Amino acid sequence: MNNIVDLIGKKKAEPEVSSFIDSMNGTCEEDLYGDLIINDYKEHGLCIYFDESSERLSSLFFYSEGKDEHHEYKEELPHNLTFTERRESIISRLGSPSQRKDKWDRFDFEDYFIHITYGPEEMIDLLRIQIHRNQPNKALQSTQTSCAD
């Protein structure tokens, strides 16, 4: 995938998205969380969220090794970031975060935002890219199944 950011907001059935999902051979755990369908590929270090009603890809989670029982995502991260890159280097490349807390930063772009959680030595622990959504929180419940179901 040349630019994984381009998948955000596309429908699950669109060729770019379905091709990307097909490349994730291996075990997938599917979960429902509120109005989201979650496809979790732990051995690939990737979790994909789709809006249940529109079937649009709403967010991608990229994991470092061992984070939440995931292996590290081995492909190119958004904006050419790396898991070994430190917080200050990320800020110098992406600009000032729109929100900043002790262990995380959020960077807003026109159609999406990037949320980075930092681990030891202020290196990327978890990177989430998500489409901007202006919807109220809904009551959430989890019903975990297999992606093959």
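The values are calculated or read from the model by the stated rules, or taken from the named source; none is laboratory data. From a predicted model like this one, the values you see are computed outputs, not experimental measurements. So basically every Cβ, Gly included, is an ideal-geometry build from the backbone, and we count neighbours across all protein chains shown.
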Condition check for I8: modelled with pLDDT under 95, among the aliphatic types (A, V, I, L, M) and touching a strand residue (DSSP E or B) at 6+ places or on another chain (Cβ under 8 Å)
yes
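When you look at L77, is it surrounded by 14 or more Cβ atoms within 10 Å (Cβ to Cβ) and touching a helix residue (DSSP H, G or I) at 6+ places or on another chain (Cβ under 7 Å), yes or no?
It is false that L77 is surrounded by 14 or more Cβ atoms within 10 Å (Cβ to Cβ) and touching a helix residue (DSSP H, G or I) at 6+ places or on another chain (Cβ under 7 Å).
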Checked against (1) surrounded by 14 or more Cβ atoms within 10 Å (Cβ to Cβ); (2) farther than 22 Å from V5 by Cβ, E43 satisfies every condition except (1)
With respect to the numbered conditions (1) modelled with pLDDT under 95; (2) in contact with a His (Cβ under 6 Å, 6 or more places away or on another chain); (3) closer than 20 Å to I116 by Cβ; (4) not small (G, A, S), which one is the sole condition not fulfilled by M24?
(3)
Considering only segment 90-112, state which residues are in a strand (DSSP E or B) and surrounded by 12 or more Cβ atoms within 10 Å (Cβ to Cβ).
R100, W104, D105, R106, F107, D108, Y112
Going by what's in this entry, would F83 be described as assigned to a loop (DSSP other than H, G, I, E, B) and either of a type in the set (F, W, Y) or in contact with a helix residue (DSSP H, G or I) (Cβ under 9 Å, 6 or more places away or on another chain) (or both)?
yes
